[in-house]
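Inspection log for the structure reproduced underneath, given as structure tokens.
Computed from the coordinates by the stated procedures, all read-outs in this text should not be read as laboratory data. Not measured: the values here are computed from a predicted model. Positions of Cβ are backbone-derived with ideal geometry, glycine not excepted, and every protein chain shown enters the neighbour counts.
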Amino acid sequence: MEKFYIQVYRHTLLPGEEEAWVEAGSLGLHPDLLQQLAELGIVEVRRGHIPARQAARLHKLFRLRRNLGVNLAGAAIILDLLERVEKLQDEIERLQRR
């Protein structure tokens with residue numbers, strides 16, 4: 001069985017760059033893997049670029065895969081749930097400050 005290793009480069013976003021696009025090739029992802037991620041709805045790919053905010057998401061996704069040993073779909077579900085929890089925590093903190 002052939003093994004493949006994934007290396008994702010983390011892009012740090014500066015204020016105002018949330019809507020920037022990153023060249024997918026700069027992430028070091030195999031094009032087939034990128035296609036699979038797009039089909040699962042994990043990332044949006046346009047002309048070989050992905051939104052910079054999703055590059056940070058990919059970093060979290062692959063960290064979940066590495067640390068928990070789950071497949072892509074499982075990691076995507078976990079990531080989605082974590083993001084929902086973070087939004088709810090932010091909302092709770094906002095309401096408590098009132």
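Residues D90, D80 in ascending order of nearby Cβ atoms (within 10 Å, fewest first): D90, D80.
Remark on the range 21-96: Rg and Dmax equal 13.9, 46 Å (Cα only).
The residues L81, L72, L58, when put in order of fewest to most other Cβ atoms within 10 Å, stand as L81, L72, L58. In nanometres, what is the gap between the two model label sites at R53 and D80, each 7 Å from Cα along Cα-to-Cβ? The two pseudo-label positions are separated by 1.7 nm. On full extension, the segment bounded by I92 and N71 gains 4.4 nm, given 0.36 nm per residue less the C-alpha separation.
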